Every structure is written in structure tokens, then in C-alpha cells.
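Undergrad: First the structure, then my questions, so here it is.
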Amino acid sequence: MTSDHLTRRGLLQGGVAVAATVPALGGASTVAAQPRQEGGRMTPVELTVNGREVHLQLDPRTTLLDALREHLHLTGTKKGCDHGQCGACTVIVEGRRINSCLTLAVMHDGEKVTTIEGLGTPEKLHPMQKAFIVHDGYQCGYCTPGQICSAVAVLDEIEAGVPSHATVDLNKVALSDAELRERMSGNICRCAAYPNIIAAMRNVAGEAKA
Amino acid sequence: MKPFTYERATSLEQAAKAVASVQGARFIAGGTNLLDLMKLQIETPAHLVDVNRLGLDKIEKTPEGGLRIGALVRNTDLAADATVRRDYAVLSRALVAGASGQLRNKATTAGNLLQRTRCPYFYDTRMPCNKRRPGSGCAALKGISRGLAIIGTSDACIAQHPSDMAVAMRLLDATVETVDAAGGRRAIPIADFHRLPGDTPHVEHTLKPGELITAVTLPRPLGGTHVYHKVRDRASYAFALVSVAAVFGKDGSARFAFGGLAPKPWRVAAADAAAPSGAKAVAEAALAGARPTEQNGFKQGLTARTLASVFRQKEAAA
């Protein structure tokens, strides 16, 4: 499952297989069920995570975030507040960014999930990952996977004409710093790397247009 | 979270039956509010019925020239819909004023109408709250009440309705369509959908157990100038202190609905009638009988100033 040509667009359209260097799946496509918990009936869940099919048996209480981190060991996606307020858990499901902490894994049976590990690898960074490095879009890095997943999806939303609170003309969505700031307000950065995150996004948006 | 069982509904009737027949069962759609509350054990459903795959995600024109919005249409999709942007701009504006991009991608039309208050005492399980635990009292009355309601409240509860979308729906005279466990259908005018707290603040709407929202319909477009203005503590991603939805007709008529002020989206006929007299008169009519606390009396003046801004935006758009 090697991907020679990894693009943001291809990934979001779900067609491109993700680089084989994704570490955590350990070759097994079925992850052993966790011990049965009180009252919870184990439910089978099938997901395509970063281009790879996985089969899980989950207590229905398992959030998508915990399924990714605790069951698939994809720990790039971070748990911050666990209440949808900070955005550290942002992943892309069926092409849309969501808070993985506020959704149950069982609700996503059969769906495609892209995490930071699926966007790029250390050897082959996604353009947004590169831009975050170039523009110093982080300090401690804890919020960064969520920021990057969100940033990638934001550029798609603008391109698709999805309006935001910063949109001047509802029928003509334009790319501006005000738009980017508004759309990224669901991703908190306590190091306050915000200006550099906007610069990174501007950079990627500019390259995509060129 | 407390343990629960989960099933994915296969039809509307089956979903309604499942929730009506299992004690403590709840529908789950976007889950952005329900799961948050379940983690805090404010909501502890024994059984969840997932209604995400019932085909309720369509937006279509009605024979009457209005719009029928499926209950599961995501907030992002509703705000971005071409017809909504053109003909119901106030709804699009209200939607994008709420929550974050991630949440709007998940949150649904029906779920948004049903979202629970963000009163801090509703969220704090160590504190009395008549909405969370009927009969336990209201800690907000003498507590931190800055963000809470000033009108339509009772001695049992002063929680505010948190939605932006619902304010625009109220302004547009939306109708909530439902199906129940017996297969019966009803259409509830949004004015009658949410209930004021009275002595039973835990009863927030007029749905029966197992009754499932299938769609929200809008009447024919009103035309005119649409404005949604929200005032909050942060520039983005915060609940309203005060919000105003307004449509100004070409004939000089106007209608207003308000968020952040009441336990339900607030609309008063006298406020619409006061439009020719300006912002202050509209605010006074809308808030006649208000009972603010010591901490949230500022919302009265803020409502008048927010309305003044809304009138200015209307002038600028004309």
C-alpha cells in the first residue's frame, strides 16, 4: 500500500491509499476486543482509517477518538478537553473535519477516517505539515495534529463555497485572513501560534492556486 | 459514560417504536450535545437509537413554495445550501454564528432545536438544578447568572436557550414535522414547540416519548433584508449574550426574534409592530415584563444597542 503521489485532494476524496509507513496497525487488520465492560454489549465496527480497513469490537461507549488512540494506537490525534471545545481531536471523516471526541465509533461503521498519520509521514509530509514547520505554526505541538487536520479541511470548505461568520457575501466565499481565523476558532492553541498557523494556511492556499 | 446499548434504526417507525418502548432510550443524531452531557452523566440513557441513516438528510422545495429541511441535515449543509443562502439568508447567518466548523459538520437541524441549555448549574452535577434534577432547586437564581435568561423565566429556572439556528427558525415561522411510535404524523408550529419552564423546567418541548422529528419546514421566502447579529464574549465560538434575527420588508414592516434572552427563541408581536419607532421601542416591547437578576440586567440595554446595530445594518444593505 505505498502511495507515491500523496495529495490533499486525493486523500480527501478517499481514493488514495495511504503510505505503508503508518505505524500503529502492526499488520493486523483485526484488533482484539477489549475485556467486556459492565453493561456494554460489544459491537462490531468496520472503519477505513488512512486507507486501511480495520475491524473492531467495541463497547458502544467508545468515542471515535478512543477507538483511534486506544484501539488502533494512532496516537497522533490528541485528547484535549474531550468535550468538543478545544479541537485537538479533529480528524477528517468522509471528507469533513469533526471532533472525534464527540462521536461514537459505532456511528461511523463503514466510513473513511483520515488522521494526521494519514495526511503525511515524516518522509513524505503533507503540504500543510510542511507549511506548519516552515512558518513555525506551533510551540508545544499538542494541538498541532488537530490544527493541521482542521486547516486542510478549512481550505476545502472555502473552495466548496461553505460560508462562515466572517463571510461578507454569502454567495461569494473568499479566502482572507478573517475567514481563516474564524474557521479555525474551534482549534485552541495555548501557545498562541495563531498568526503562524494562518501564515501556513495562506501559504498552502497560495500554492494550491498557483 | 454510563453503559448503554446501541442500535442503528432501519426505519422511522422502528426508530420511534424503539425509543418509545425501551425505558430511558434516546435518539442520537449528531451527538455533539448528547455525548457531551453523557460524559458528564447529566444525560444517562440506557439505550441509544441512531437515526443517522434514515435518509432524513435532504433539503427540498415544498409544493407551497417553501423549503423542507430533513431533520438530519447538518448545520454546515443547511448554511451552505444555495436556496437558504439566497432566500433565507438570516438562517444561514444564524447557523454560521453558532459553534465551530467541526461541530457544525456534525450537528443536525433537529438536534440543534433540541439542544440543552448551557446554564453552568445545569452542567455542575454537584449543584441544585430543577432542570437536571426536578425539585432540587435553582442555584442560578442567586448564583452566576450573567449569561442566563431575563424573560420567560420562572422561580424554578432561569436557563437560556442556547441555539442561534432556532432563533432564525422562529423568525421564519418554521414548522416541526414528527412521526410517533404509532406511525402518527404531526406538524408543530415552532412557536408551540419549546416550552417555558414554569414549574417543570425539565420539560423543554412538546414532543411525546418516542416522537421523532423528521423535518423542519419553512414557509415561502419573505424577501426583504435579512440580518442576524450576535453579541458574545468572544468574537467566535461562544454562546450569545444577546442575538437578534430580523427581516425588514420592502413595505416598511419588520419582524424580530431574539436569542440569549429567554428559555426559548423569543418573539413578541408587539416588538414587530414597534419597528417604525426604532430600536429602543422594539427592545422595550420585546422585553416587557423582563425579570433580570442583578447580574444580567445589562442584557436589556444590550438588546436595545444590538437592535440599533441591526437597524444600521439594514440601512447599509438598502
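Undergrad: Any residue at all in segment B:295-306 that is closer than 15 Å to B:ALA245 by Cβ, surrounded by fewer than 17 Cβ atoms within 10 Å (Cβ to Cβ) and among the hydroxyl-bearing types (Ser, Thr, Tyr)?
TA: Checked against the condition, which is being closer than 15 Å to B:ALA245 by Cβ, surrounded by fewer than 17 Cβ atoms within 10 Å (Cβ to Cβ) and among the hydroxyl-bearing types (Ser, Thr, Tyr), segment B:295-306 yields no hits at all.
Undergrad: Can you tell me which residue within segment A:183-193, out of those that are under 18 Å from the mean Cα position of the chain (by Cα) and open to solvent by less than 30 Å² (accessible area, probe 1.4 Å), is farthest from the other protein chains (Cβ to nearest Cβ)?
TA: First, the residues of segment A:183-193 that are under 18 Å from the mean Cα position of the chain (by Cα): A:183-189.
Subset that is open to solvent by less than 30 Å² (accessible area, probe 1.4 Å): A:183-187, A:189.
Numbers: A:ARG183: 5, A:MET184: 8, A:SER185: 4, A:GLY186: 2, A:ASN187: 8, A:CYS189: 13 Å.
Residue satisfying both the conditions and the ranking: A:CYS189.
Undergrad: Determine, yes or no, whether B:ALA110 is touching a residue at least 12 places away in the same chain (Cβ under 8 Å), aliphatic (A, V, I, L, M), outside any loop (DSSP other than H, G, I, E, B) and more than 24 Å from B:LEU241 (Cβ to Cβ).
TA: Answer is yes for this residue.
Undergrad: Pairs only if they're at least six apart or on different chains, beta carbon under 6 angstrom, first in segment B:40-58 and small (Gly, Ala, Ser), second surrounded by 20 or more Cβ atoms within 10 Å (Cβ to Cβ) and part of a loop (DSSP other than H, G, I, E, B); list them, first residue then second.
TA: Within 6 Å, the pairs are B:ALA46/B:PHE4.
Undergrad: Then there's this: So for segment A:128-137 (the condition being within 9 Å of chain B (Cβ to nearest Cβ), surrounded by 24 or more Cβ atoms within 10 Å (Cβ to Cβ) and in a loop (DSSP other than H, G, I, E, B)), does at least one residue qualify?
TA: Looking only at segment A:128-137, we keep the residues that are within 9 Å of chain B (Cβ to nearest Cβ), and these are none.
Taking every residue of segment A:128-137 in turn, none turns out to be within 9 Å of chain B (Cβ to nearest Cβ), surrounded by 24 or more Cβ atoms within 10 Å (Cβ to Cβ) and in a loop (DSSP other than H, G, I, E, B).
Undergrad: Let me ask something additional. With (1) touching a helix residue (DSSP H, G or I) at 6+ places or on another chain (Cβ under 7 Å); (2) within 14 Å of chain A (Cβ to nearest Cβ); (3) of a type in the set (A, V, I, L, M); (4) over 19 Å from B:ILE59 (Cα atoms) as the list, and B:ILE150 as the residue in question, which single condition is left unmet?
TA: That leaves (2) as the condition not met.
Undergrad: All but one of (1) touching a strand residue (DSSP E or B) at 6+ places or on another chain (Cβ under 8 Å); (2) open to solvent by 40 Å² or more (accessible area, probe 1.4 Å); (3) small (Gly, Ala, Ser) hold for B:ALA182; state the number of the condition that does not hold.
TA: (1)
Undergrad: Counting just the residues of segment A:93-114 that are more than 10 Å from chain B (Cβ to nearest Cβ) and open to solvent by less than 10 Å² (accessible area, probe 1.4 Å), which one comes out farthest from B:GLY101 (Cα to Cα)?
TA: Here the residue is A:ALA105.
Residues are listed down the side, and each one gets a yes or a no for (1) within 11 Å of chain A (Cβ to nearest Cβ); (2) assigned to a helix (DSSP H, G or I); (3) open to solvent by less than 20 Å² (accessible area, probe 1.4 Å); (4) of a type in the set (S, T, N, Q):
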| residue | (1), (2), (3), (4) |
| --- | --- |
| B:GLY31 | yes, no, yes, no |
| B:ASP36 | yes, yes, yes, no |
| B:THR44 | no, no, no, yes |
| B:LEU48 | yes, no, yes, no |
| B:ASP77 | yes, yes, no, no |
| B:ARG85 | yes, yes, no, no |
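Undergrad: Of B:ALA283, B:ALA238, B:ALA308, which residue is free of Cβ contacts under 8 Å to residues at least 40 places away in the same chain and part of a loop (DSSP other than H, G, I, E, B)? If you could, list the steps in order and put the result at the bottom.
TA: Numbers: B:ALA283 fails: part of a loop (DSSP other than H, G, I, E, B); B:ALA308 fails: part of a loop (DSSP other than H, G, I, E, B).
Being free of Cβ contacts under 8 Å to residues at least 40 places away in the same chain and part of a loop (DSSP other than H, G, I, E, B) holds for just one of B:ALA283, B:ALA238, B:ALA308, which is B:ALA238.
Undergrad: Check off (1) within 21 Å of B:ASN75 (Cα to Cα); (2) open to solvent by 30 Å² or more (accessible area, probe 1.4 Å) for B:PHE258 and give me the number that stays unchecked.
TA: (2)
Undergrad: Pairs needed: first member in segment B:137-158, open to solvent by 10 Å² or more (accessible area, probe 1.4 Å); second member anywhere, outside any loop (DSSP other than H, G, I, E, B) and among the aromatic types (Phe, Trp, Tyr); C-beta distance under 7 Å; at least 6 residues apart or different chains.
TA: Listed pairs, sorted by first residue: B:ALA139/B:TYR121; B:GLY143/B:TYR121; B:GLY152/B:TRP266.
Undergrad: Select from segment A:67-88 the residues that are more than 9 Å from chain B (Cβ to nearest Cβ), farther than 17 Å from A:GLU46 by Cβ and not small (Gly, Ala, Ser) and list them in ascending order. Spell out the reasoning first.
TA: At the first step, the residues of segment A:67-88 found to be more than 9 Å from chain B (Cβ to nearest Cβ) are A:67-81, A:86, A:88.
Narrowing the set further to residues that are farther than 17 Å from A:GLU46 by Cβ leaves A:69-70, A:73, A:75-81, A:86, A:88.
A:ARG69, A:GLU70, A:HIS73, A:THR75, A:THR77, A:LYS78, A:LYS79, A:CYS81, A:CYS86 - these are the residues of segment A:67-88 that are more than 9 Å from chain B (Cβ to nearest Cβ), farther than 17 Å from A:GLU46 by Cβ and not small (Gly, Ala, Ser).
Undergrad: Has segment A:141-155 got at least one residue that is among the small types (Gly, Ala, Ser), out of contact with any Gly (no Cβ under 7 Å at 6 or more places or on another chain), within 11 Å of another protein chain (Cβ to nearest Cβ) and in a loop (DSSP other than H, G, I, E, B)?
TA: no
Undergrad: Can you report the number of residues in segment A:44-70 which are in a loop (DSSP other than H, G, I, E, B) and free of Cβ contacts under 8 Å to residues at least 24 places away in the same chain?
TA: Count: 0.
Undergrad: Search segment B:1-29 for residues being away from chain A (no Cβ under 11 Å) and among the β-branched types (Val, Ile, Thr), and hand back the single one that is least open to solvent (accessible area, probe 1.4 Å). Outline the logic, then answer.
TA: Just the residues of segment B:1-29 that are away from chain A (no Cβ under 11 Å), to begin with: B:9-27.
Right, trim to among the β-branched types (Val, Ile, Thr) and you get B:10, B:19, B:22.
Working: B:THR10: 114, B:VAL19: 15, B:VAL22: 56 Å².
Here the answer is B:VAL19.
Undergrad: Also: Among the residues of segment B:221-248, write down those that are closer than 13 Å to B:GLY147 by Cβ and touching a Lys or Arg at 6+ places or on another chain (Cβ under 7 Å).
TA: B:ALA238, B:PHE239, B:ALA240, B:LEU241, B:VAL242, B:SER243
Undergrad: For segment B:92-107, how many residues are under 12 Å from the mean Cα position of the chain (by Cα) and in a helix (DSSP H, G or I)? Walk me through how you get there before you give the answer.
TA: Of the residues in segment B:92-107, the ones under 12 Å from the mean Cα position of the chain (by Cα) are B:94-95, B:98.
Okay, now just the ones that are also in a helix (DSSP H, G or I), so B:94-95.
Residues that pass the stated criteria total 2.
The values are calculated or read from the model by the stated rules, or taken from the named source; none is laboratory data. All figures in this text were calculated on a predicted structure; none of them were measured in a lab. Cβ atoms come from the backbone with ideal geometry, glycine included; neighbour counts cover every protein chain shown. Heavy atoms of the whole protein, side chains included, go into the accessibility calculation; ligands, DNA and RNA do not. Shrake-Rupley method; radii C 1.70, N 1.55, O 1.52, S 1.80 Å.
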